[in-house]
1. Dipole of the range 145-216 (Lys/Arg Cβ +1, Asp/Glu Cβ -1, origin at the Cα centre): which of His175, Gly150, Leu200 lies farthest to the positive side?
2. When a/c reaches 1.5 or more, the comparison of a/b and b/c decides; with that in mind, is the chain rounded, prolate or oblate per its Cα gyration tensor?
3. So what's the net charge close to Arg204: Lys and Arg +1, Asp and Glu -1, counting the other residues with Cβ under 13 Å from its Cβ?
4. Need one value: the accessible area of Thr184 in square angstrom, 1.4 angstrom probe, rounded to the nearest 10.
5. Compute the Cα gyration tensor for the range 1-114, then decide on rounded, prolate or oblate, letting a ≥ b ≥ c be the square roots of its eigenvalues: rounded whenever a/c is under 1.5, prolate when a/b is larger than b/c in the other cases, and oblate in all that remain.
6. Tell me the carbon and sulfur percent of the accessible area for the range 213-362, rounded to whole percent, probe radius 1.4 Å.
7. When all protein chains stay in place, what accessible area (Å², nearest 10, 1.4 Å probe) is found for Trp330?
8. Go ahead and estimate [θ] at 222 nm for the chain from helices alone: -39,500 (n - 2.57) per DSSP H run with n ≥ 4, summed, over the residue count, rounded to 500.
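The values are calculated or read from the model by the stated rules, or taken from the named source; none is laboratory data. Only a predicted model underlies this, so the values are computations on that prediction, with no experimental measurement involved. With ideal geometry, Cβ positions are generated from the backbone for all residues, glycine too; neighbour counts draw on all protein chains shown. For the accessible areas, the whole protein counts, side chains as well, though only heavy atoms, and no ligand, DNA or RNA atoms are used. Shrake-Rupley method; radii C 1.70, N 1.55, O 1.52, S 1.80 Å.
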Amino acid sequence: MTTDSETDTETNELQLRDAWDAFTESLKTMGHDALESAPTDVERADGLRFILRQLAYREEQFLEFPSGHKPELFWAESPTRKVFADCPDTIYRQFSVVKGGVYRVTGTRGESPYISFTAYRAGAVDRVVADLHDGELEINADGTLSITVGGPDTGSNWLDLGEDAAFVIIREYTHDRVNGVKATFEVEQVSPELGHRPELDADRITSFLGLLGMGLSWVNDATVRLSAELRLRPNIMNEAGADLVSEMAGTPHNHYQLCYVQLEPGQALELELNPPTCRYWSVHLNNWWLESPEFRDGQSVCINDAQAEREPDGTVKMLVGPDDPGTGNWLDTKGRTETILLARYLLPENELPPIITNIINI
């Protein structure tokens with residue numbers, strides 16, 4: 001229904017129509033590119049879901065929880081929102097920050113093996129501004145903690161935002177995501193003082209739709225580029241360089257190894273690893289879009305240091321494939337003969353020995 005004011009002045013309909021048309025055209029192109037780049041039918045279906053998941057994440061990041069307004073924690077990744085080889089054992093919380101802002105994060109430590117706070121800048125390279133993990137924190141005897149984010153150095157429990165941080169991710173690595181005693185966090189802005197959030201207007205959503213198209217394209221391209229590179233060297237582990245970790249917004253405390261698994265019917269990939277002492281390690285599956293598979297119903301898609309069955313000499317053997325071997329450490333590809341493995345080690349105390357891979361018949 002047209003209001004009296006709209007009959008006397010120009011409306012924003014044309015501006016919003018043009019912005020929406022441009023975005024939906026870019027979305028159409030992204031969908032077609034995803035269908036073309038995926039190597040199998042099941043990955044094509046995953047690709048369209050991947051775009052929808054990223055769309056939901058970006059809408060929350062930039063419209064619902066933007067910088068410059070009351071900071072709130074939201075799920076950067078979750079059992080239903082995945083990107084850049086998310087770990088099924090990890091709880092990812094995020095909040096946006098503004099230049100010059102000072103924030104306070106309070107909460108409880110819980111019993112998870114590792115918690116970190118990482119400030120990131122926007123962009124595609126050199127993304128990590130600063131990082132702080134629980135081993136560097138002063139935590140009260142009752143398990144409570146308080147961290148200052150931004151502003152001048154407080155000497156302890158302080159995370160630097162530099163001049164250009166855009167958001168902070170809190171990572172909590174669990175050994176038991178469902179039953180473990182997990183951390184709790186709240187965030188508040190200390191300065192500058194905040195007012196009410198402004199109403200959404202045409203300029204803001206027009207800008208958002210333009211940035212959204214570019215952001216989704218970049219994520220899709222970066223994901224496909226890495227998966228395609230790994231596919232050229234199937235069934236061997238590859239070290240992830242620092243530039244890749246930065247591009248994909250990883251934590252600098254993690255050491256990553258990746259492998260594109262390619263099997264024939266009746267085959268499995270056997271892994272032999274000898275993990276050094278570290279805060280946490282795991283090996284888990286990913287699809288072409290670097291998403292962990294469905295795990296909410298207890299599927300065997302990730303094995304961590306607390307779950308792995310070890311050989312008498314302390315080494316670990318795993319089998320990766322669609323057929324249940326009946327014993328030992330098995331990562332279930334759910335009928336897929338192509339998948340991507342990611343091994344990660346948090347704060348290892350010694351150099352990482354290579355992971356030995358062998359194709360075997362089941």
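1. Of the candidates, His175 comes out farthest on the positive side.
2. Working: a/c = 2.37, a/b = 1.31, b/c = 1.80.
Oblate, since a/c reaches 1.5 and b/c is not below a/b.
3. On the way: positive: Arg197; negative: Glu59, Glu64, Glu199, Asp201, Asp203.
After counting each charged neighbour, the total is -4.
4. Number for this one is 70 Å².
5. Values: a/c = 3.30, a/b = 1.21, b/c = 2.73.
Note, shape of the range 1-114 comes out oblate.
6. Using a 1.4 Å probe with all protein chains present, the range 213-362 comes out at 48 percent carbon and sulfur.
7. We get 40 Å² for Trp330.
8. On the way: 5 runs with 85 residues, N = 362.
Mean residue ellipticity at 222 nm (helix-derived): -8000 deg cm²/dmol.
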